[in-house]
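J.: Have a look at the structure that comes next, please.
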Amino acid sequence: MSETQLSHGQRKIILVGNPNVGKSVLFNSLTGAYTTVSNYPGTSVEVSRGHCDIDGERYEVLDTPGMYALLPITEEERVARTILLEEDPRVVVHVLAARNIERMLPMTLQLIEAGLPVLLVVNILDEAESVGMSIDIPLLQEKLGIPVVGAALGRRRGLAEIRAAIAAFDPLLRARFAYAADLERDIARVAMLLHGDYRLDRRALALLLLQKDEEIHQRVLTVEEERREAIDNVVKDIVFERRVDLHLRISLERKRVCKGLLDGVVSQRQGQGPTLGERLSNWTMNPWTGVPLLLAVLYFGLYQFVGGFGAGTIVDLFEGRLFEEIINPWVVDLGARYLPWNWLYELLVGEYGIFTLGVRYAVAIVLPIVGTFFIAFSVIEDTGYFPRLAMLVDRLFKRIGLNGRAVIPLVLGFGCDTMATIVTRTLETVRERIIATILLALAIPCSAQLGVILGLLSEVPGSLLVWSLTLAVIFLFIGFLSARMVPGEQPMFYMEIPPLRMPQPRNVLVKTLTRMQWYFLEIFPLFILASVMLWAGKMTGALDWLVKAMSPAMLALGLPTEVSAAFIFGFFRRDFGAAGLYDLQSAGLLNPVQLTVAAVTLTLFVPCVAQFLVMFKERGGKVAAGIFVFVTLLAFSVGWGLNRLLLFTGVLS
Amino acid sequence: MKCGFCGREIPADHVQQSCGLCKGGCRKIHCPYCGHENPATPAYLRRLAEKKEANSQTHQEDDHS
């Protein structure tokens, strides 16, 4: 007999919840050893099925993939929701983690408003209690209007109560929670047009339609043949009217309802207020404390660790001692002895040789900097600081046509601007994508470029301050200008904030090594390629011609003509250009004003080839070419103006 | 694996998929929830990472420091 036939007619228990809340522990405790795991039909997502007997009644138990909300984003969530829609459950057991009840309860609300027969299991109570957190389960049950069981399933606590609650479950129990009047009015406008027979409550369907759930939209269109046009029109009207804040409103309303539900339910033992982590988390998002904390992160993480330790100490050791004193003389000597052809000598160990330039830049200058940057980035990432930064800068970013969501591509831009330009596609509107692309191309230096520049400028008092202020002003000014010139909507930003954590050394190690491997596999070959192209340019005379062609621009910036080479390098890769600047500074060719002007212009100067190609692909030829021309002109104009200003005021002279 | 930005669990089959943007094989995983670019753990580090994930599952959602 097939599994389907076996399960036919049996009552079903469906376990749902976020990943890692103990659903599988409950599944195993209920079903025992005899379970099957198979792909859900038409998908590659595995679903576990088993059976259990409760009070003489046989149930089929389904363990669904983790889901965060009823509105699915991943294939797993889609399958979990399909199970809820198709399997006709007797009981839906929503398992959540007690310590994160505030974050997870909105999904309980969604399940209830969908009209599903929900039993809530507040799991891992023991851990919550160990930190002084107390949850009044009977009060929560009373407020929610559904059965609620407290449990610590890892210790088998609460299992008997769950079984009893399933046996006594009353499917007629229905609770209802109201949102703000204007939102309710819009929900009702859609819901009243839905007359078909659905598994989900009409109110929940209306909310999913308003949130542009394509699967639900198709289901509704199939059922509501005569009213499909009317439904579509009403949904379109409401979505258009609320285009700026619909998702935000729904999320905030759910948060508000949950806050009310948890009022008096969750309490902290006396003398055990918020933990240090919770207090620190709040400080990072409050502008008064968040900005100083951000400056501290930048100072210690970037300036001291990447700029001082990476670009200073380690580069001095690798470049100054290892390569300049030991490896390079040996390799050049070897080349002079065994390479009879000048072109081969130049290609391998000449001025732009693969070894003397490509390998040296990649290994001795850039690798220590990106290595230290990756360590700092992974530590900060592992603490959960970035989403807090997004909340902190949200208000400021709104002024430049973006919102907190843009923190993702902009922060990633400090790693690699090319990849960050791809990530701009996660921003909601075309307007935001264009503004973020401009800012990435203009004012966000990649990790290696940033590290080299920090290392170079930190040796000249005042220079780093001028560079930082100039870039900050340009970033804000161009962002502010773009926000006024680029047409389009500005959506609101809202995200669930994950808990702040101590960075785990193992996480940091894995992430850093993974990123370092990426650097070696994908970036190192580009350095070699760039040195080959520069060698070809030198041999054919094209490089000399380019350097001469750029000389007037260099003179206008008050820079020696040799700096042209760094700009040409910079077009191959930003960090390659910065390494070129490092060489010029090491050779004593630049005074403090020239160094600062060169660093500012090079940072603002056109993005590297790879970033330009991605801009072309993501934003189209016209926009990419426009950004290219704009950024180039602006970089040189700012460099020219800064040179004049510094010479006129005597700052840094 | 957990997303380094939003902290949500990235489904296993998503981890194995490449978005197809990078030629020559993708070494990054974009979180389906927030779009953050997470580094794909190479094979030689997988055992270390799996140990890490096993530990984090033992502690479940014990994230507060």
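The values are calculated or read from the model by the stated rules, or taken from the named source; none is laboratory data. Computed from a predicted model, the values in this text were never measured in an experiment. Glycine gets a Cβ as well: all are built from the backbone with ideal geometry, and neighbour counts include every protein chain shown.
J.: Of the residues A:THR383, A:THR418, which is in contact (Cβ under 8 Å) with a residue 60 or more places away in the chain, within 14 Å of chain B (Cβ to nearest Cβ) and under 21 Å from A:PRO292 (Cα atoms)?
T.: A:THR383
J.: Please work out which one of (1) in a helix (DSSP H, G or I); (2) over 30 Å from A:PRO274 (Cβ atoms); (3) modelled with pLDDT of 85 or more; (4) not acidic (Asp, Glu) is the condition A:LEU526 fails and give its number.
T.: (3)
J.: Something else about it: In segment A:494-512, what count of residues is obtained for those that are more than 28 Å from A:SER251 (Cα to Cα), within 7 Å of another protein chain (Cβ to nearest Cβ) and buried (at least 20 other Cβ atoms within 10 Å of the Cβ)?
T.: Residues that pass the stated criteria total 3.
J.: Among what's in segment A:397-414 and is in contact (Cβ under 8 Å) with a residue 24 or more places away in the chain and within 18 Å of A:PHE612 (Cβ to Cβ), pick the residue that is surrounded by the most Cβ atoms within 10 Å (Cβ to Cβ).
T.: That would be A:PRO409.
Let's see how each residue does on (1) touching a Pro at 6+ places or on another chain (Cβ under 8 Å); (2) polar (S, T, N, Q); (3) more than 30 Å from A:GLY455 (Cα to Cα):
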position: A:LEU209; (1), (2), (3): no, no, yes
position: A:LEU221; (1), (2), (3): no, no, yes
position: A:ARG228; (1), (2), (3): no, no, yes
position: A:ASP245; (1), (2), (3): yes, no, yes
position: A:GLU253; (1), (2), (3): no, no, yes
position: A:ARG256; (1), (2), (3): no, no, yes
position: A:ASP263; (1), (2), (3): no, no, yes
position: A:GLY277; (1), (2), (3): yes, no, yes
position: A:LEU298; (1), (2), (3): no, no, no
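J.: Please give the number of the condition A:VAL600 fails out of (1) without any contact (Cβ under 8 Å) to a residue 12 or more places away in the chain; (2) in a helix (DSSP H, G or I); (3) more than 14 Å from every other protein chain (Cβ to nearest Cβ).
T.: Evaluating A:VAL600 over (1) without any contact (Cβ under 8 Å) to a residue 12 or more places away in the chain; (2) in a helix (DSSP H, G or I); (3) more than 14 Å from every other protein chain (Cβ to nearest Cβ) leaves (1) as the failure.
J.: Scan segment A:479-488 and give yes if some residue there is at the interface with chain B (Cβ under 10 Å from one of its Cβ atoms) and more than 30 Å from A:GLN594 (Cβ to Cβ), otherwise no. Step through it out loud before you land on a result.
T.: Residues of segment A:479-488 at the interface with chain B (Cβ under 10 Å from one of its Cβ atoms): none.
No - not one qualifying residue is present in segment A:479-488.
J.: Further, regarding this structure: Could you tell me which residue of segment B:7-26 is nearest to A:LEU412 (Cα to Cα), considering only residues that are at pLDDT 70 or above and at the interface with chain A (Cβ under 7 Å from one of its Cβ atoms)?
T.: B:GLY7
J.: Can you tell me which residues in segment A:216-264 are touching a helix residue (DSSP H, G or I) at 6+ places or on another chain (Cβ under 8 Å), at pLDDT below 85 and not in a helix (DSSP H, G or I)?
T.: Of everything in segment A:216-264, just one residue is touching a helix residue (DSSP H, G or I) at 6+ places or on another chain (Cβ under 8 Å), at pLDDT below 85 and not in a helix (DSSP H, G or I), namely A:ARG242.
J.: Here's a follow-up. So, in segment A:329-353, of the ones that are at pLDDT below 90 and within 41 Å of the chain's Cα centre (by Cα), which residue ends up surrounded by the fewest Cβ atoms within 10 Å (Cβ to Cβ)?
T.: Ranking the qualifying residues of segment A:329-353, first place goes to A:GLU351.
J.: Checking the structure you have, find out if any residue of segment A:451-470 is of a type in the set (Phe, Trp, Tyr) and within 14 Å of chain B (Cβ to nearest Cβ). Reasoning before the result, please.
T.: Looking only at segment A:451-470, we keep the residues that are of a type in the set (Phe, Trp, Tyr), and these are A:467.
Add one more test, that the residue is within 14 Å of chain B (Cβ to nearest Cβ), and what stays is none.
Taking every residue of segment A:451-470 in turn, none turns out to be of a type in the set (Phe, Trp, Tyr) and within 14 Å of chain B (Cβ to nearest Cβ).
J.: Looking at the structure I just gave you, is A:LEU70 touching a Ser or Thr at 6+ places or on another chain (Cβ under 9 Å) and under 18 Å from A:LYS23 (Cβ atoms)?
T.: Working: touching a Ser or Thr at 6+ places or on another chain (Cβ under 9 Å): no; under 18 Å from A:LYS23 (Cβ atoms): yes.
No, not satisfied.
J.: Considering every residue within segment A:363-373, establish whether at least one is in contact with a Gly (Cβ under 8 Å, 6 or more places away or on another chain) and surrounded by fewer than 24 Cβ atoms within 10 Å (Cβ to Cβ).
T.: yes
J.: Now, a different point. Pick out the one residue from A:ALA151, A:ALA165 that is within 36 Å of the chain's Cα centre (by Cα) and either among the acidic types (Asp, Glu) or surrounded by 20 or more Cβ atoms within 10 Å (Cβ to Cβ) (or both).
T.: A:ALA151
J.: Does A:ASN18 satisfy being on the phi < 0 side of the Ramachandran plot, free of Cβ contacts under 8 Å to residues at least 12 places away in the same chain and either within 14 Å of chain B (Cβ to nearest Cβ) or more than 29 Å from the chain's Cα centre (by Cα) (or both)?
T.: no
J.: Check A:GLU57 against each of (1) among the acidic types (Asp, Glu); (2) out of contact with any helix residue (DSSP H, G or I) (no Cβ under 9 Å at 6 or more places or on another chain); (3) over 23 Å from A:ILE497 (Cα atoms) and name the one condition it does not meet.
T.: (2)
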